[in-house]
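Structure first, then comments.
The values are calculated or read from the model by the stated rules, or taken from the named source; none is laboratory data. Small disclaimer: the values here were computed from a predicted structure and weren't measured. Virtual Cβ from ideal backbone geometry, glycine too; neighbours counted across all protein chains shown. All accessible areas refer to the heavy atoms of the entire protein, side chains included, with ligands and DNA or RNA removed. Shrake-Rupley method; radii C 1.70, N 1.55, O 1.52, S 1.80 Å.
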Amino acid sequence: MKLPNRVYNKLKRFSATENKRNKKIHDKVDKSTAVQALDPRTRLMMFKLVNNEILESIHGCISTGKESVVFHGFGGKTTEMEVPSECAIKVYKTTLNEFKNREKYIRDEYHFKDRFRNQNPRKTIHLWAEKELHNLTRLKKAGIPCPDVVILKKHILVMSFIGRNQIPAPKIRDVQLTAEQMHDAYDSVVEIMMQMFNVCNLVHADLSEYNILWHDDRPWIIDVSQSVEKSNPQAHEFLLRDCTNIYTFFAKNGVPNVLTAEQLFAQITGSSVPGEGTELLSQIQDFERDRELITFGVSDKPYPFDSVFKEEHENAVVN
């Protein structure tokens with residue numbers, strides 16, 4: 001049957017309109033699953049955690065971020081591992097947009113640098129989850145308050161839940177503390193930063209009032225996927241940024257005798273570097289840029305960090 005041109009053109013326009021509409025709906029569905037990190041494969045993996053009795057059930061979302069979504073769950077009946085009664089299930093988003101600027105946090109880590117070079121971008125997300133597992137394990141071994149790791153399944157990390165009765169512990173910025181509690185919290189955070197650097201050999205690299213929880217009258221550290229070895233080329237730069245965030249928050253909340261960012265940096269690293277603000281940052285960046293040369297003794301450039309770095313290198317050789 002031959003259609004009149006008028007009818008044919010009308011059907012053609014309708015078909016084109018429907019294709020656009022279907023494409024728009026499909027894009028919205030994809031975007032919504034990406035925002036909640038729950039694509040079909042992720043949902044299946046979470047179902048298996050319940051089916052294998054690692055978890056009894058999974059409930060609502062308790063936290064969302066640029067890189068991950070965290071859900072609450074109840075521990076299951078498995079006897080293969082110790083599972084707490086309440087769990088936090090951290091699901092790293094399977095979209096790649098949030099990980100474009102994360103190379104600097106992982107490319108020089110000795111656990112991951114060889115694997116990182118050989119990974120496709122999507123599998124880098126799995127490395128990111130594994131990195132958080134390793135960092136949490138090191139913090140826990142040093143006695144630093146942080147979530148206990150239960151199990152890692154690709155980009156899903158199951159941890160102990162910091163909170164009670166499905167109510168997560170508040171961020172330290174959202175809780176009303178007395179002056180004494182705030183002062184104690186400051187002392188605890190400084191001690192934690194020193195332990196991370198000198199015992200765990202880690203720099204948090206994103207420490208602020210947004211990822212310190214207040215639970216059982218003390219601060220708890222979370223979100224350590226981006227934490228780096230102190231041998232990382234940018235570790236000192238990240239540490240100075242952490243020190244600045246901690247100084248700003250506690251000084252703003254009226255804690256007396258708060259160390260400046262520069263003083264806190266010096267106390268943690270055990271170094272005494274002249275300068276402050278952008279001047280100190282510039283020295284740190286120069287130091288890190290030539291770190292490899294200084295380490296192997298092939299640079300004659302006079303840096304204030306030379307004596308500090310020489311000491312670090314000597315300690316590394318001894319160990």
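Things to note:
- Selection of chymotrypsin sites (Phe, Trp or Tyr not before Pro), segment 40-97, meeting DSSP coil and at most 15 other Cβ within 10 Å: none
- Euclidean distance of C-alpha centroids, segment 164-206 and segment 42-95, integer Å: 25 Å
- Positive-end extreme of charge dipole, segment 153-216 - chosen from Phe161, Leu177, Gln195 (charges on Cβ): Phe161
- Check: segment 131-240 dipole with +1 on Lys, Arg Cβ and -1 on Asp, Glu Cβ, in debye: 560 debye
- Given +1 at the Cβ of Lys and Arg, -1 at the Cβ of Asp and Glu and no other charges, the dipole of segment 134-191 around its Cα centre is 520 debye to the nearest 20.
- Per residue, the accessible area of segment 181-275 comes to 37 Å² when a 1.4 Å probe rolls over the protein heavy atoms.
- Taking the protein heavy atoms of segment 143-213 in the context of the full set of protein chains, the accessible area attributed to carbon and sulfur is 46 percent at 1.4 Å.
- Too-long pairs where the Cα-Cα distance tops 25 Å, listed order kept, from Lys77/Lys131; Lys48/Lys90; Lys77/Lys171; Lys66/Lys153; Lys66/Lys154; Lys93/Lys252: Lys77/Lys131; Lys77/Lys171; Lys93/Lys252
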